[in-house]
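Encoded as structure tokens, the structure appears first; notes follow it.
The values are calculated or read from the model by the stated rules, or taken from the named source; none is laboratory data. A quick note: this is a predicted structure, and the numbers were derived from the prediction, not measured. Positions of Cβ are generated from backbone atoms using ideal geometry, with glycine treated the same way; all protein chains shown enter the neighbour counts. Side chains included, ligands, DNA and RNA excluded: accessible areas come from the protein's heavy atoms. Shrake-Rupley method; radii C 1.70, N 1.55, O 1.52, S 1.80 Å.
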Amino acid sequence: MHERRTGASVDGSVSVQRHRAHQDLVLVQVRGDVGDAAAADLGRRLTAVAARGTDAQVVLDLAGVTALSRAGLDAVLRAQKSLEAGGGSLELLEPSAPVVLLLHDAAAAEDEARPQRRVTAAGAPAPSATGAARPRGPRPAAGPCAG
């Protein structure tokens, strides 16, 4: 039911399968250690899939990945942006533990790089480091006889 093209890179391997009944559905299987050389191969293949037309639905099977470099993750993210720009999508299928770990690390690094805007529970901006927030609402009465 599908056409299969396979290619091996230095460490990892990438195979691209296009489903014949649904030409817009593409399964990309990645196996092994996806270091920088394998990431370049993965990037070329994903770019080629994205360039074939609009509405491509790519499923990236990462279950067999034993290691993924930052370059590999960057290749996946570039392909996702390219596919989405053309009306398509990229979906991860069963990412292995090393892939999940890299995704979490990348998300944490992105969160740290983003400027943080603290907001109070009431939705008002939190006080800046240079000044204190003024309480809102009625002030409590001063002294022991208040009441």
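Please determine whether any residue of segment 63-74 is in a loop (DSSP other than H, G, I, E, B), open to solvent by 10 Å² or more (accessible area, probe 1.4 Å) and within 23 Å of VAL100 (Cβ to Cβ). Show your work before the answer.
Going residue by residue through segment 63-74, those that are in a loop (DSSP other than H, G, I, E, B) are 69.
With the extra rule that they be open to solvent by 10 Å² or more (accessible area, probe 1.4 Å), the set shrinks to 69.
Narrowing the set further to residues that are within 23 Å of VAL100 (Cβ to Cβ) leaves 69.
Looking for residues that are in a loop (DSSP other than H, G, I, E, B), open to solvent by 10 Å² or more (accessible area, probe 1.4 Å) and within 23 Å of VAL100 (Cβ to Cβ), one finds at least one in segment 63-74, hence yes.
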Which listed residue is modelled with pLDDT of 80 or more and in contact with a Gly (Cβ under 8 Å, 6 or more places away or on another chain), from SER82, SER69: SER69
Answer residue from segment 14-36, given it is in a strand (DSSP E or B), modelled with pLDDT of 75 or more and in contact with a helix residue (DSSP H, G or I) (Cβ under 8 Å, 6 or more places away or on another chain) and is most open to solvent (accessible area, probe 1.4 Å) among those: GLY32
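On the basis of being closer than 20 Å to VAL26 by Cβ and of a type in the set (Lys, Arg), does ARG78 make the cut? First the steps, then the outcome.
Values: closer than 20 Å to VAL26 by Cβ: yes; of a type in the set (Lys, Arg): yes.
It is true that ARG78 is closer than 20 Å to VAL26 by Cβ and of a type in the set (Lys, Arg).
ALA108 - would you say it is modelled with pLDDT under 90, assigned to a helix (DSSP H, G or I) and either under 24 Å from SER13 (Cα atoms) or open to solvent by less than 50 Å² (accessible area, probe 1.4 Å) (or both)?
Details: modelled with pLDDT under 90: yes; assigned to a helix (DSSP H, G or I): yes; either under 24 Å from SER13 (Cα atoms) or open to solvent by less than 50 Å² (accessible area, probe 1.4 Å) (or both): yes.
So ALA108 passes the test.
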Residues of segment 44-61 satisfying the condition of being open to solvent by 10 Å² or more (accessible area, probe 1.4 Å) and either of a type in the set (S, T, N, Q) or within 17 Å of LEU102 (Cα to Cα) (or both): THR47, THR54, GLN57, ASP61
